[in-house]
Structure formats: structure tokens, C-alpha cells
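This report concerns only the one structure given below.
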Amino acid sequence: MKSLYILNNPANLEQCLSAMAPDDALLLIEDAVLLCHQHTLHNSYILEEDLIARGFATKQSHWQAVDYPQFVQLTLQYDKTVTWL
Amino acid sequence: MKRLSVIFNKAPYGSQAGRELLDIALMAAAFDMDISAIFIGNGVYQLLDKQQPDILQLKNHSPTFKALELYGIETILLEQEALAHRNMTEPQLLDVAELTDNATIQRHIQQSDFVFML
Amino acid sequence: MATFSLLVTASPHSSQGQYSALEFTKALLQQGHTLKRIFFYGDGVLVASRLNCPPSDEINLTKSWAKLAIEHDFELTVCVTAALKRGITNAAEADRNALTGDNLDPAYEISGLGQLTEAMLESDRLITFG
């Protein structure tokens with residue numbers, strides 16, 4: 001089963017990645033968008049609104065910017081979501 | 001049967017997350033589900049024996065971990081890397097969990113239909 | 001079309017999670033999906049007080065959820081244990097616990113944790129916002 005991991009706190013990145021399987025994807029929201037300069041080996045998405053709100057450009061290498069409608073679609077493209085708190 | 005994993009990754013008493021997550025697990029156990037409790041990172045502190053939160057006038061919820069099996073929650077996994085990283089050993093802990101490596105836990109989460117963390 | 005439920009544990013006063021959950025909800029409803037229930041747990045229950053009174057130039061999450069739930073006919077359910085602990089109560093629970101008033105917004109209902117498990121089993125997706 002493929003999972004979409006949702007991360008909202010940058011401090012939890014390392015532990016979140018250690019739980020993820022290769023086919024899983026990661027979506028950064030809220031304060032976790034501060035990680036936009038990091039690289040991961042997973043399919044990586046980042047919530048556009050939260051980037052813009054914090055003064056970042058929406059084009060970030062390695063991270064695909066998504067809006068809320070795309071966030072909803074992502075949750076359906078994967079078999080489940082795991083919000084890593 | 002749907003598979004649910006509840007993942008404990010926070011130490012007790014500084015926050016109520018562990019206690020509230022335990023309540024979710026116990027409630028879910030009343031439904032017909034295959035439930036696992038997984039302890040990783042600072043969550044391993046939840047299982048320390050000899051907790052005395054009563055001196056903080058807080059309820060000690062750790063004995064409930066010993067009762068998980070009675071509730072039908074038979075899979076209880078403990079991340080051995082987390083234990084080693086914290087210079088902890090199994091005898092310091094409640095004898096409830098099966099010591100397992102990170103890769104096994106990863107696979108377990110992958111095979112779950114639902115995952116709860118708090 | 002899919003059925004969603006949400007678990008919201010974020011505090012409405014000190015983190016962004018409630019707002020994220022609200023925007024996610026609007027987006028899924030706009031796409032024609034169904035929302036069964038928002039289950040508020042932990043500090044998330046604080047949103048259910050009708051006495052929440054944010055400054056007038058800030059979003060009122062209590063009312064935003066209520067409006068959406070009435071328009072789209074989904075449940076706003078608050079965990080009873082988490083709510084009472086934090087001073088959120090309806091008239092019946094106030095009476096039972098000998099409290100002097102109640103503050104639950106009428107769009108919300110107080111119920112048990114079983115409603116979370118039920119929502120999980122009866123929805124295609126359960127998304128947590130913490």
C-alpha cells in the first residue's frame with residue numbers, strides 16, 4: 001500500500017523519513033514548508049499557500065507545489081495518508 | 001479485517017499525546033479491527049517501568065499498556081534503534097513489546113489501512 | 001466520488017492546523033466529494049465554544065466550521081472527555097457535572113471516541129490535522 005505522508009513540523013522530518021517506504025510520498029504543509037531547500041528521495045509535494053504565506057517562491061527544486069484541490073486529489077491517489085506529528 | 005497502527009513517538013507527561021492516543025487505541029479495539037501499537041523515537045519512554053507521575057498529580061497510564069492484550073491488541077512493536085540510541089535496555093521497560101528493527105516497523109506501517117499519531 | 005472524514009487535534013488558538021483542515025474541507029466539497037464527519041480531539045475541541053471571540057479582523061474558526069457544516073450537511077463532533085476537561089460543554093453535560101453554564105456552539109455535537117473509529121471505518125479517507 002502506498003502512503004501519502006503529511007508533515008507539518010520541520011523538526012519531525014528525519015523520523016518521518018525513517019518510517020517511509022520507497023513508494024511513499026511526502027507532502028509538506030504549515031511550518032514544514034521551511035524544508036523546501038532540502039532534498040529527499042521520495043515523491044515530494046509542498047503546499048503552495050503555506051509557501052507563499054511565509055515569503056517563499058512557489059518554484060522550489062525537487063518539490064512540486066500543490067494547492068488545496070490538488071492536496072485533496074493526492075490523498076486519493078495514495079491508499080492512505082499518514083499525518084506525521 | 002482493517003488494519004490500524006497507532007504510533008507512539010512522544011515521551012509521557014510533558015504532553016498528553018500518549019494518553020490520548022492510548023484512548024484512541026482502546027476505543028478502536030471495541031470494533032472489529034486488527035490493531036498494532038508501535039513505539040518509536042521518544043515514544044519508547046512511554047514503556048519505562050517505575051514511572052511515578054502521581055508525584056505530579058498525573059494519572060499513570062503506563063499500566064494500561066500491559067492490558068493491551070486483554071483488549072485484543074496483540075501486536076506491540078518497539079523500535080530497537082530508538083532504544084539503543086537512548087542507552088536504554090529492555091529490562092528497564094514494561095514487558096509488553098516485541099523488540100524489532102526499523103525496517104520491520106516500516107513494513108508494518110506500509111501494510112496498515114489506517115495510521116494514527118498524536 | 002469519495003467519502004472523507006477528518007480528525008482535527010490542532011488548537012484553534014495557537015496553531016495553523018484548524019485552518020488547514022478548513023481549507024482542505026472546502027476543496028474536497030468543491031470537487032463533489034462527501035464529508036461524513038469532522039472529529040475534534042485534544043486541543044482541537046476548543047473550536048467548539050460559541051464564546052470564542054477572535055479579533056474582528058481574524059478568522060472565526062468556530063463560525064466558519066458551523067457555516068460549512070450546515071451548508072453541506074456534515075457532522076462536527078467533539079470528544080466528550082477532551083471537551084469537558086477543557087471547559088467545553090453542552091447543557092446536558094453541564095447539568096450532569098454540576099457546571100454553572102454551557103458554551104457548545106449549536107452546530108457542534110458532543111459524543112464519544114467511538115465516533116472517530118466509526119468515521120474511519122465508514123469513510124474512504126481519514127485525514128488528520130494536528
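FYI, it's all coordinate maths here, none of it is from the lab. Worth saying up front: this structure is predicted, and the values here are computed from it rather than measured. A quick note on method: Cβ atoms are made from the backbone with ideal geometry, for glycine too, and the neighbour counts reach across all protein chains shown.
Please return the ranges of helices (runs of 4 or more DSSP H) entirely within chain A where 1 or more residues are closer than 28 Å to residue B:42 by Cα and in contact with a helix residue (DSSP H, G or I) (Cβ under 7 Å, 6 or more places away or on another chain).
Details: elements: A:13-19, A:48-53, A:68-77.
Output list reads A:13-19.
Across the stretch C:111-130, what is the number of residues that are away from chain A (no Cβ under 14 Å) and among the basic types (Lys, Arg)?
Qualifying residue count, the stretch C:111-130: 0.
Just to be sure before I move on: is residue B:45 within 14 Å of chain C (Cβ to nearest Cβ) and of a type in the set (Phe, Trp, Tyr) in the structure I sent?
On the way: within 14 Å of chain C (Cβ to nearest Cβ): no; of a type in the set (Phe, Trp, Tyr): yes.
So residue B:45 does not fit the description; no.
Pick out, from the stretch C:36-130, the strands (runs of 3 or more DSSP E) lying fully within it that include 3 or more residues that are closer than 30 Å to residue B:30 by Cα and not hydroxyl-bearing (Ser, Thr, Tyr). First the steps, then the outcome.
Working: elements: C:75-79, C:108-111, C:125-129.
Fully inside the stretch C:36-130 and qualifying: C:75-79, C:125-129.
Residue B:37 - would you say it is of a type in the set (A, V, I, L, M), farther than 21 Å from residue A:12 by Cβ and surrounded by 21 or more Cβ atoms within 10 Å (Cβ to Cβ)? Can you show your working first?
On the way: of a type in the set (A, V, I, L, M): yes; farther than 21 Å from residue A:12 by Cβ: no; surrounded by 21 or more Cβ atoms within 10 Å (Cβ to Cβ): yes.
In short, no.
Listed here are the residues, each with its yes/no results for (1) closer than 26 Å to residue B:3 by Cβ; (2) in contact with a Ser or Thr (Cβ under 8 Å, 6 or more places away or on another chain).
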position: C:72; (1), (2): no, no
position: C:81; (1), (2): yes, no
position: C:85; (1), (2): no, no
position: C:93; (1), (2): no, no
position: C:100; (1), (2): no, no
position: C:111; (1), (2): yes, yes
position: C:114; (1), (2): yes, no
position: C:118; (1), (2): yes, no
position: C:121; (1), (2): yes, no
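Per-residue answers, yes or no, for (1) over 22 Å from residue C:16 (Cα atoms); (2) away from chain C (no Cβ under 13 Å):
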{"residue": "A:15", "(1), (2)": "no, yes"}
{"residue": "A:18", "(1), (2)": "yes, yes"}
{"residue": "A:24", "(1), (2)": "yes, yes"}
{"residue": "A:39", "(1), (2)": "yes, yes"}
{"residue": "A:43", "(1), (2)": "yes, yes"}
{"residue": "A:71", "(1), (2)": "no, no"}
{"residue": "A:76", "(1), (2)": "yes, no"}
{"residue": "A:80", "(1), (2)": "yes, no"}
